[in-house]
Amino acid sequence: PDDQEMNDVRLFFQLEQAHWYYEDHFADKQKHLPHFHSLRKFCHMIFKRSNVLKELRLNVNKTFNKFTKYRNGVPAFGAMLLNPTRTKILLVESWKHKIWGFPKGKINSNEDPASCAIREVFEETGCDITDYICEKAFIEAEDIKSSRTIRLYIVPGIPESTRFETQTRY
């Protein structure tokens, strides 16, 4: 968008979006196309084939590492969903790493933390927690490795009959 400054980090956020779109809408549907399970490999392929990005090719690894460091520091927000009796809690399994955790994700520019949590929980579980979330009920910590803030809202009262289904492809 015109209102956003284009820089190395922003470029790689756009390439990350392109990577997800490619995997979801092309590689899965057209068997002759390769999968790029690594964003780094996808970016190398784009830089190799793009005349527009030709002048940046020599620094692609350095720039990718700069982007990764920045991206890993972006605050993440999500929620701990509890049943009405608070005896069960929802965990989600990551697609790529087979890790279990709470539904959460990175905040977008100009997005408030609660809205981010609501969006991420919906994307990962299909559950809209808008009517359940209390903006004052959360646990927040800093990731030691990345210095990234992670905030999880405590959301009790989710009916056990709720059908959870990811809204993302994986």
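Residue-wise test of (1) farther than 27 Å from Thr130 by Cβ; (2) not charged (D, E, K, R).
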{"position": "Leu15", "(1), (2)": "yes, yes"}
{"position": "Asp28", "(1), (2)": "yes, no"}
{"position": "Met45", "(1), (2)": "yes, yes"}
{"position": "Phe77", "(1), (2)": "no, yes"}
{"position": "Val92", "(1), (2)": "no, yes"}
| query | Of the residues in segment 102-122, how many are of a type outside the set (Phe, Trp, Tyr), at pLDDT 95 or above and not in a loop (DSSP other than H, G, I, E, B)? | reply | 10
| Among the numbered criteria (1) open to solvent by 40 Å² or more (accessible area, probe 1.4 Å); (2) more than 26 Å from Cys116 (Cβ to Cβ); (3) in a helix (DSSP H, G or I); (4) in contact with a helix residue (DSSP H, G or I) (Cβ under 8 Å, 6 or more places away or on another chain), which single criterion is violated by Asn59? | (4)
| task | Answer yes if at least one residue in segment 46-53 is open to solvent by less than 30 Å² (accessible area, probe 1.4 Å), hydroxyl-bearing (Ser, Thr, Tyr) and not in a strand (DSSP E or B), and no otherwise. | result | yes
| Selection within segment 144-166 - at pLDDT 85 or above, assigned to a loop (DSSP other than H, G, I, E, B) and closer than 30 Å to Tyr22 by Cβ | Arg148, Arg163, Phe164, Glu165, Thr166
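Only one residue in Lys104, Lys88 is surrounded by 11 or more Cβ atoms within 10 Å (Cβ to Cβ), under 18 Å from the mean Cα position of the chain (by Cα) and touching a residue at least 40 places away in the same chain (Cβ under 8 Å). Which one?
On the way: Lys88 fails: under 18 Å from the mean Cα position of the chain (by Cα).
It is Lys104.
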| task | Kindly establish whether Leu81 is open to solvent by 80 Å² or more (accessible area, probe 1.4 Å) and either of a type outside the set (Val, Ile, Thr) or not in a loop (DSSP other than H, G, I, E, B) (or both). | result | no
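The values are calculated or read from the model by the stated rules, or taken from the named source; none is laboratory data. Given the structure is predicted, the values throughout are model-derived calculations rather than measurements. As a convention, Cβ positions derive from the backbone with ideal geometry for all residues, glycine included, and neighbour counts pool all protein chains shown. Note: accessible area is taken over every heavy atom of the protein model, side chains too, but ligands, DNA and RNA are not part of it. Shrake-Rupley method; radii C 1.70, N 1.55, O 1.52, S 1.80 Å.
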